[in-house]
Amino acid sequence: MAIFYFVLGLLLFIGLVLVHEWGHFIMARRNGVDVEEFGLGFPPRAKILAKKNGTIYSLNWLPLGGFVKLKGEHDIDTEKGTFGAAGTKAKIKIMLAGVVMNLLTAWLIFTVVALIGMPKIIKNQFSVGSDTKITQSPLNEGVIKIGAVVEGSPAERAGILVEDQLVSINKVSINEPESVSEQTEANKGKTVLVEFRRGEETISKDITLNETSPYLGIGPYSAQTGFEVRRSTWSAPIVAVGVSKDFTLATLNGLGKALKGLGSAIAGLITGNDTARKEGQAEASDQVSGPVGIFAVLYEISRQGIGLVLFIIGLISLTLAIMNVLPIPALDGGRLFVTLLYRAVRRPLKPSTEDRIHGTGFAVLMLLFVLITIVDVKRFL
């Protein structure tokens with residue numbers, strides 16, 4: 001069944017892209033904009049699947065996303081049926097339609113997960129107390145199982161292994177993943193007493209933590225031993241909204257840390273400060289993951305059942321919505337921001353300027369994609 005859930009997870013992941021692009025497709029049609037092509041994956045084109053109502057439905061060789069090609073995508077285009085000729089309100093609707101579809105998909109998936117059993121991943125995660133039944137608690141009296149050990153980390157140097165069970169840090173019992181972060185961050189750079197269990201043997205070691213993340217260098221944690229699972233009934237749709245809010249804030253917080261780390265890494269590289277560069281690089285890479293990381297996580301959680309697979313897919317859908325609403329060139333939010341900015345200053349957005357802005361943004365995104373993939377390969381493979 002684990003392989004089945006893994007394959008299902010991959011298909012659902014691809015489905016998130018289709019849902020996103022379908023939102024653009026439908027909203028464009030409703031606002032009189034012609035759609036020239038609906039593509040699964042990025043070019044080069046592998047095959048034309050169909051042609052209908054003037055739209056080409058294509059399969060492309062790079063299976064990392066998808067796209068909708070609208071007629072006359074430059075803001076200055078004026079021909080009937082072009083995106084450029086559409087009104088400002090229509091443009092906003094079309095550009096944000098994919099975000100809305102991903103948000104709705106995340107809410108729907110989280111609703112189903114709440115009915116099946118919602119894992120408690122972050123501290124103070126939203127729930128409706130009167131309609132919450134705990135169906136699974138952390139096992140072994142609060143001990144959580146280690147799912148990965150970062151290469152070269154304090155944990156690896158101390159001999160901690162995957163499948164060991166973390167008991168305490170500095171005599172403070174560890175009964176949830178958040179406790180690990182709290183204790184290691186509070187004692188970063190210090191030597192702490194870490195107690196962990198391997199089989200029937202309990203081991204205690206003094207470990208000097210890193211001064212920057214990853215402080216100890218362990219995780220993720222096995223859902224079977226590390227998560228509390230809560231089941232809801234009538235409140236499932238409400239829980240889905242609350243959980244979406246919780247993880248939106250957590251994602252933005254993580255993105256902020258990643259940008260801060262990236263800034264430190266760049267500053268260290270420019271100034272020749274090797275320590276700052278390495279610390280910034282570690283902080284940035286600790287907050288992000290790409291396709292390899294997603295596949296690794298899906299493979300790991302597929303052993304835990306359909307509930308967790310759906311939960312991860314819901315998180316990915318939510319993340320897609322968040323990233324696409326931010327003013328990042330080449331993404332939906334960036335295209336909308338640039339369009340509205342030029343409208344606000346009452347200046348025409350020349351096709352060459354528009355292509356240069358979003359082309360540069362796309363190139364940077366592809367570079368980040370390659371770097372994140374390298375980080376993932378080192379982390380998971």
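When the residues of the stretch 191-215 are narrowed to those that are at pLDDT 85 or above and either under 17 Å from residue 119 (Cβ atoms) or out of contact with any strand residue (DSSP E or B) (no Cβ under 7 Å at 6 or more places or on another chain) (or both), which ends up surrounded by the most Cβ atoms within 10 Å (Cβ to Cβ)?
In this case the residue turns out to be 215.
Restricting to the stretch 150-163, and then to whatever is under 17 Å from residue 197 (Cβ atoms) and surrounded by fewer than 20 Cβ atoms within 10 Å (Cβ to Cβ), can you tell me which residue is modelled with the lowest pLDDT?
For the stretch 150-163, the residue satisfying everything is 163.
So if I check each of 247, 227, which one is under 30 Å from residue 324 (Cβ atoms), surrounded by 15 or more Cβ atoms within 10 Å (Cβ to Cβ), at pLDDT 80 or above and of a type in the set (Phe, Trp, Tyr)?
247
Of the numbered conditions (1) crowded, with 18+ Cβ neighbours inside 10 Å; (2) in contact with a Gly (Cβ under 7 Å, 6 or more places away or on another chain); (3) at pLDDT below 90, residue 183 satisfies every one except a single condition; which is it?
Here residue 183 meets the rest and fails (2).
Residues that are modelled with pLDDT of 80 or more: find the helices (runs of 4 or more DSSP H) completely inside the stretch 268-357 holding 1 or more of those.
Answer list for the stretch 268-357: 306-325, 332-344.
In the stretch 188-215, what residues are without any contact (Cβ under 8 Å) to a residue 60 or more places away in the chain, closer than 23 Å to residue 121 by Cα and within 28 Å of the chain's Cα centre (by Cα)?
Within the stretch 188-215, just 188 meets the criteria.
Inspect all residues belonging to the stretch 83-104 and state whether any of them is assigned to a loop (DSSP other than H, G, I, E, B) and crowded, with 22+ Cβ neighbours inside 10 Å.
Yes: the stretch 83-104 contains one or more residues that are assigned to a loop (DSSP other than H, G, I, E, B) and crowded, with 22+ Cβ neighbours inside 10 Å.
If residue 120 satisfies all but one of (1) within 30 Å of residue 182 (Cβ to Cβ); (2) surrounded by fewer than 20 Cβ atoms within 10 Å (Cβ to Cβ); (3) within 18 Å of the chain's Cα centre (by Cα), what's the number of the condition it fails?
(2)
The values are calculated or read from the model by the stated rules, or taken from the named source; none is laboratory data. Quick caveat, the model's predicted, so the values are computed rather than measured. Here Cβ is always computed from backbone atoms with ideal geometry, including for glycine, and neighbour counts include all displayed protein chains.
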